[in-house]
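Notes follow once the structure below has been shown.
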Ligand code: NAP
Ligand code: GDD
């Protein structure tokens, strides 16, 4: 029998890499997808299997961390050997604006899920292993280097909620003898990173600036330091935690820390641009309380799990810039053909219909829906508009 896994947060950055990893290892993967009025499965498109196909390896279920009834039903249906709880309102700045929802999905959501797992294990007698996606945001203001023994000092509703989820996980491990492991992952990025996190916001902007689609990039605090790794490397650590002989807590990090300014410098210079000509500071992107300096010590994971990061900071930056240059090139082409992606613009756009454009294969971009407005004859070119990456509120 192949092993089976349930991934909560399967549509996110990490969810998509973890799905790839588990499928490559022969797992049957069940994923929880939130109901949304627009498609939220773009990161899984290349893995999607039609529900009518026999012997599917990837099975998606509607569900939500705020709904225990649904979680229980999915658990009964999927009967997974491993559960990865990656679901979260994961944006730190947004958590100041949506503190209650953040607590509900991150802290309470984890509690709901753990409670369902405890009951499932009790009444079925099955062994289920549980991974909880903890975060270096839990360390917050605690000085670097941070490891498993560093005290938590969270600085945002998101960080506080992750600390609660961490302790719920420890408590369910100890109280009910469940196999629950906490990963404490430092920032990890990729070409699939959400576009309002700083690294992707920067690399998306670079692509668009190069293609003449954007003039400025507005950012907040450039002095914050982060320990940035590659998401593809980090999902391997999650899997290793659940293969280990006993449940535990593990820091996953590169041990190298760079400022936001360092990231900008590296990324712009790789693209042959001088960042000073394009980057502007806008205080709206600063947080009420900031996490200044994260740098992780992952020596426990190296010793017990044999895990080490494979991708360097420079490789990560180049990978992201390359991908976003390609994306912007496609966006430019569509723009020149008088099409725009609805996600690439910050304002309503009108487009001139042409038959050539009708023929254009709109699926080529794969990173957002397309729109064509029938309202206006002439395209309303927005060169210089900072687009989603620049105008996004976070
Ligand atoms: P992400 O791209 O923001 O993905 C989050 C996932 O959670 C998405 O699939 C999202 O669904 C889902 N989700 C949000 N609210 C939910 C709810 N109420 N019920 C069920 N699912 C919900 O985040 P990520 O970067 O992949 O990170 C994965 C996990 O690791 C998160 O828990 C994050 O907090 C944590 N983490 C991330 C990092 C990092 O640097 N990436 C570091 C440490 C910890 P939609 O697609 O529908 O929005
Ligand atoms: N998002 C964003 N947008 N961040 C900016 C900006 C901006 O315009 N300008 C400066 N920053 C700074 C933030 O203030 C922060 O210090 C740093 O860039 C990184 O911000 P994010 O990329 O939003 O990530 P994060 O570190 O707050 O949170 C991410 O990493 C955590 C692990 O430490 C998220 O993935 C969390 O879910 C994760 O737990």
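Just so it is clear, none of the values below were taken in a lab; they were calculated from the coordinates. Note that the structure is a prediction, hence the values are computed from the model and not measured. Here the Cβ is made from the backbone with ideal geometry for all residues, glycine too, and neighbour counts use every protein chain on show.
Considering only segment 168-188, state which residues are without any contact (Cβ under 8 Å) to a residue 60 or more places away in the chain and not in a helix (DSSP H, G or I).
Of the residues in segment 168-188, the ones without any contact (Cβ under 8 Å) to a residue 60 or more places away in the chain are 169, 171-172, 174-177.
Correct list: 177 only.
Go through (1) under 30 Å from residue 334 (Cα atoms); (2) surrounded by fewer than 17 Cβ atoms within 10 Å (Cβ to Cβ); (3) within 11 Å of ligand 2 (Cβ to nearest atom) and name the single condition residue 286 misses.
(1)
Residues of segment 1-27 being buried (at least 20 other Cβ atoms within 10 Å of the Cβ) and assigned to a loop (DSSP other than H, G, I, E, B), which ones? Before the answer, list the steps.
At the first step, the residues of segment 1-27 found to be buried (at least 20 other Cβ atoms within 10 Å of the Cβ) are 5-19, 22, 27.
Correct list: 9, 10, 11, 12, 27.
Within segment 288-321, restricting attention to residues that are assigned to a helix (DSSP H, G or I) and without any contact (Cβ under 8 Å) to a residue 40 or more places away in the chain, which residue is nearest to residue 212 (Cα to Cα)? Working first, answer last.
Initial filter on segment 288-321 (assigned to a helix (DSSP H, G or I)): 299-305, 313-321.
Among the residues that remain, those that are also without any contact (Cβ under 8 Å) to a residue 40 or more places away in the chain are: 302-303.
Numbers: 302: 44, 303: 48 Å.
Applying the filter and picking the extreme gives 302.
In segment 118-130, which residues are in a helix (DSSP H, G or I) and either in contact with a helix residue (DSSP H, G or I) (Cβ under 7 Å, 6 or more places away or on another chain) or within 16 Å of ligand 2 (Cβ to nearest atom) (or both)? Give the derivation first.
If we filter segment 118-130 for residues that are in a helix (DSSP H, G or I), which is where we start, we get 118-124.
Of everything in segment 118-130, those that are in a helix (DSSP H, G or I) and either in contact with a helix residue (DSSP H, G or I) (Cβ under 7 Å, 6 or more places away or on another chain) or within 16 Å of ligand 2 (Cβ to nearest atom) (or both) turn out to be 118, 120.
Anything in segment 250-265 that is in a loop (DSSP other than H, G, I, E, B) and surrounded by 24 or more Cβ atoms within 10 Å (Cβ to Cβ)? List them, or say none.
If we filter segment 250-265 for residues that are in a loop (DSSP other than H, G, I, E, B), which is where we start, we get 253-257.
Of everything in segment 250-265, those that are in a loop (DSSP other than H, G, I, E, B) and surrounded by 24 or more Cβ atoms within 10 Å (Cβ to Cβ) turn out to be 253, 254.
Only one of 304, 273, 294, 325 is more than 24 Å from residue 7 (Cβ to Cβ) and over 23 Å from the mean Cα position of the chain (by Cα). Can you tell me which?
On the way: 304 fails: more than 24 Å from residue 7 (Cβ to Cβ); 294 fails: over 23 Å from the mean Cα position of the chain (by Cα); 325 fails: over 23 Å from the mean Cα position of the chain (by Cα).
Matching residue, one of 304, 273, 294, 325: 273.
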